[in-house]
Amino acid sequence: MRESLNIPENLTVNTLLTELKKYIPKKDLLLITLTYEFADEAHAGQKRRSGEPYIQHPLTAAYILATMRIDLPIIVATILHDVPEDTEVTLEEIEKNFGKDIASMLKGITKLGKIKYRGVERYIENLRKMFVAMAEDIRVMIIKFSDRTHNLMTLDAQPKNKQHRIALESLEIYAPIANRLGMGEFKGLLEDLSFPYIYPKEYKKVIDIRDKILTDEKKYLEEIIKLGKKELEKSNIDFIDIHGRRKRLYRLYQKLLQKGWESNKIFDIVAIRIIVKDIGDCYATLGILHKLWRPLKGRIKDYIAQPKPNGYESLHTTVFCENGKSVEFQIRTQQMHDEAEYGVAAHWHYDEKGKRLPKKDVGWAKELASIQKDVLKNIKDLEDIKVDFFKSHIFVFTPQGDVIDLPEDATPIDFAYQIHTDVGNHCNGAKVNDQLVSLDTPLKSGDVVDILSEKHRKGPSPDWLKTVKTHSAKTRIKQALSKSEGNVWWKTIFQKEDEKKKKEKKK
Ligand code: MN
């Protein structure tokens, strides 16, 4: 059974070099040594929260990408990824030493910035930042995913509340983006590493279920793989690989939720993956399996003729194997496999023979542009996830960075009363993200709101009652108005409002 990610302990630059030697010519590796020395010197004296020297972090992030056989410039940029932001070394110096291309990737990473965990994340703002960076250079996201993966692997060193926030953000933002980009490997890693921090009890339960099935089925699957191999050899299909693959934990968790935790209703907790030479062999293999074992109705999926929206291609089928047990098979070519694991990153990936994958004939630039447009269009879906998750609340910030929680479409006046009754009563204007706005402007998540107050202001305006969204602001405005004696005209507004409500109730 294939393990997902194994990071050697006490990783050094030599561990990284050994991995890179598998696909990068030796003469190019001097650059890695030099880059490492440059980054090591820049981060000298800095430590991770875990106590490790800081350089272990970029080094491990680079190693993760090397195991995916990612192109050299991305590896170089990954080793340097925290240098411009966390050290004295400037982007100009990096450009002088490493050239324009590397510097521009680092500029992208720096623009993404460290996400400031003040209360709840500035969710959409972060998301947009990420899409902007992605639109400029998708390679930046590959680096970011690797960076985040290592941060999740070392999350135990962080304080509890930070653990939760980083894991949640990875699950809700990073993993869906990785999925959209077809990067199954990163999507799986990000989800499975975040999973225990968000749903610890469920995580244990899912592990137990999966481990029990793995021990029970191990012998059986080995037997099936043997039988399958024999049959393929008989038919002269020369397969590249047959291996068992276990379902990722978080995926399994979601399936279990769908099926009311009845694991016997899930057919692909373990599956057998067959990698063959070309598309013709994919269909031939499917036929051979179906001749050998009877397929389960409705479980044959042709993702080659009809790829998934993120580009995933494969043939899936579930068959009744020996003793009537059902087993899922996934059949694909090496290229489909690489694209499923690495998605857009596959274009910076070297295949087993060391050659770079052929680029699609549509033209790389064109394809990239269309993927990005698609992704940007889909930002709405991600916002929908957000709305689900945050219900219909927005989170806005004081200029000091405190988070204020408000209902959707709340105004600066709601915000002012949320801070303090006096701030509300003396509110005379508002700046949102440094722009003067009218007091009935609906606020959005991530806005920074600055209330301008006028000490001598007599009190709230009755008009505010028409636009505020929070119950508390309404009550306080009414209280303040009723205190100001002799004011009769506002009473008519209350009356009108009450009448309107009565009418609405009648309807
Ligand atoms: Mn980092």
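The values are calculated or read from the model by the stated rules, or taken from the named source; none is laboratory data. Keep in mind the model is a prediction, meaning the values are calculated, not measured. We place every Cβ from the backbone using ideal geometry, glycine too, and count neighbours over all the protein chains shown.
A few notes on this one:
- Any hit, the stretch 19-30, residues being under 30 Å from residue 218 (Cβ atoms) and assigned by TED's automatic domain parsing to the domain that holds residue 154: yes
- Matching residues in the stretch 17-36 - criterion: being more than 16 Å from the ligand (Cβ to nearest atom), surrounded by 19 or more Cβ atoms within 10 Å (Cβ to Cβ) and either among the hydroxyl-bearing types (Ser, Thr, Tyr) or farther than 22 Å from residue 97 by Cα (or both): 19, 23
- When residues in the stretch 239-260 are screened for being out of contact with any strand residue (DSSP E or B) (no Cβ under 7 Å at 6 or more places or on another chain) and either in a helix (DSSP H, G or I) or in contact (Cβ under 8 Å) with a residue 40 or more places away in the chain (or both), 11 of them pass.
- The single condition among (1) assigned to a helix (DSSP H, G or I); (2) under 24 Å from the mean Cα position of the chain (by Cα) that residue 49 does not meet is (1).
- Residues (in contact with a Ser or Thr (Cβ under 8 Å, 6 or more places away or on another chain) and either outside the structural domain of residue 264 (by TED's automatic domain parsing) or not in a helix (DSSP H, G or I) (or both)) located in the stretch 195-238: 237
- For residue 171, the requirement of being within 16 Å of the ligand (Cβ to nearest atom) and touching a residue at least 24 places away in the same chain (Cβ under 8 Å) is not met.
- Of everything in the stretch 37-67 that is among the small types (Gly, Ala, Ser) and within 14 Å of the ligand (Cβ to nearest atom), the residue that is farthest from residue 24 (Cα to Cα) is 50.
- Residues that are over 31 Å from the mean Cα position of the chain (by Cα) and surrounded by fewer than 15 Cβ atoms within 10 Å (Cβ to Cβ) within the stretch 293-308 comprise 294, 297, 298, listed in sequence order.
- Qualifying residue in the stretch 60-78 (condition: of a type in the set (A, V, I, L, M, F, W, C) and free of Cβ contacts under 8 Å to residues at least 40 places away in the same chain): no
Residue-by-condition table, conditions (1) among the basic types (Lys, Arg); (2) modelled with pLDDT under 85; (3) in the same structural domain as residue 176 (by TED's automatic domain parsing):
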position	(1), (2), (3)
386	yes, yes, no
397	no, yes, no
402	no, yes, no
415	no, no, no
423	no, no, no
438	no, no, no
442	no, no, no
445	no, yes, no
457	yes, yes, no
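- Qualifying positions in the stretch 141-168 - away from the ligand (no atom under 12 Å from the Cβ) and not in a helix (DSSP H, G or I): 158, 159
- Tally of residues being assigned to a helix (DSSP H, G or I), modelled with pLDDT under 90 and more than 16 Å from the ligand (Cβ to nearest atom) across the stretch 68-117: 0
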